[in-house]
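To start, the structure under review is shown below, and the notes come after it.
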Amino acid sequence: MGMSDLGLDHRTLNAAEIGAVAHLYRGEVYRSTIWRTRLDHTTNWAVVTLGVALSVSFAAPEASPLPLMVVGVLIVLFLMLEARRYRYFNVWRARARWLERNFYAPMLLDGDLHLDDGWQKVLAQDYLEPRYHVGMMTAIGRRIRRNYLWILIIQSLAFMGKIAVHPFPVMNLEQAFRRADVGPVPGQLIIVIWFVYVSSWIAIAIWSYREDRRRAATRGARPSHAMG
C-alpha cells in the first residue's frame, strides 16, 4: 500500500482530519510528559544513592572510601536505564515537535498546512515503521551532559577529598595511594580505574555533543526529511 492509498497525496485537510491530528498531538505530548517524568525518577535514584554513599564514607574519619567507588556501579546502572528511557521519550518528543513545526506553526503563520512539503509523509512513515531516533550511545551522552556529569564530578571530588583529608591531611602521593587501597587491590590500580571511569563518560559526552551538532546541521539543510 503506497502513500497515495493512505490518502496522503491531497493538499488539504478537512475539519475532521485536522481534529484527528490535534488529538494525535495531544496524545504525543501526554506520552512524552510521562516518559520525561520517568527520566527524573532515575536521576533522583542516582542522586539519593550517591548521597547515601557520601554519608557512609564521611560518617567518621576512619570510614572507608569504598562506598564512593561501589556507588559508581549503581550510577552506571541508573545511567543505562535512563538512556534507554530517553530513547523512548525522544520518539514521542520528536513527533510532538514535528507536529508543532510543520502543522501548527505554518497554520498560525500562513494559514496553510504546507502539505506539499511532504512532512506528513515523514510522520506517517514513522508510525508505519516505529524506530528509535537516536542511538544508545547518543542517548547516554545526552544524559551525561544533562545530569550525570555533575553527579560524576561530585562523586570524584568526594572520593579525592576523602583520601586527601581523612583521617588526617595526606602528606605525600605514596600515602594517598595507600589510602586508596581496597583489600589486595593496590591504590595505584584503583586510581587508574577511577580515571578511566570518569574520562570514558566525559569522552562519550563530548562525542555526543559533536554528533548532535552534526545532526542539527543536517536537519537544518533538510528540514522536511529529519525527525528526532
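The values are calculated or read from the model by the stated rules, or taken from the named source; none is laboratory data. Quick caveat: nothing in here was measured; it's all calculated off a predicted structure. Methodologically, a virtual Cβ is constructed for each residue, glycine included, from the backbone with ideal geometry; neighbour enumeration extends over all protein chains shown.
The table below lists the values:
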quantity	calculated
Residue within the stretch 112-127 that is within 18 Å of the chain's Cα centre (by Cα) and in a helix (DSSP H, G or I) present	no
Filtered residue count, the stretch 160-197, keeping only those that are touching a Leu at 6+ places or on another chain (Cβ under 7 Å) and of a type in the set (S, T, N, Q)	0
Conditions (1) in a helix (DSSP H, G or I); (2) under 26 Å from the mean Cα position of the chain (by Cα); (3) of a type outside the set (A, V, I, L, M): number failed by residue 103	(2)
Some residue of the stretch 172-190 being touching a residue at least 40 places away in the same chain (Cβ under 8 Å) and β-branched (Val, Ile, Thr)	yes
Qualifying position, being under 30 Å from residue 203 (Cβ atoms), basic (Lys, Arg) and surrounded by fewer than 17 Cβ atoms within 10 Å (Cβ to Cβ), among 97, 85, 143	97
Residues of the stretch 165-177 satisfying the condition of being surrounded by fewer than 12 Cβ atoms within 10 Å (Cβ to Cβ) and out of contact with any Pro (no Cβ under 8 Å at 6 or more places or on another chain)	169, 171, 172, 173, 174
Residue among 13, 113, 6 that is farther than 30 Å from residue 161 by Cβ, surrounded by fewer than 14 Cβ atoms within 10 Å (Cβ to Cβ) and at pLDDT below 90	6
Entirely in the stretch 135-228, the helices (runs of 4 or more DSSP H) that have 1 or more residues that are touching a strand residue (DSSP E or B) at 6+ places or on another chain (Cβ under 7 Å) and modelled with pLDDT of 85 or more	187-221
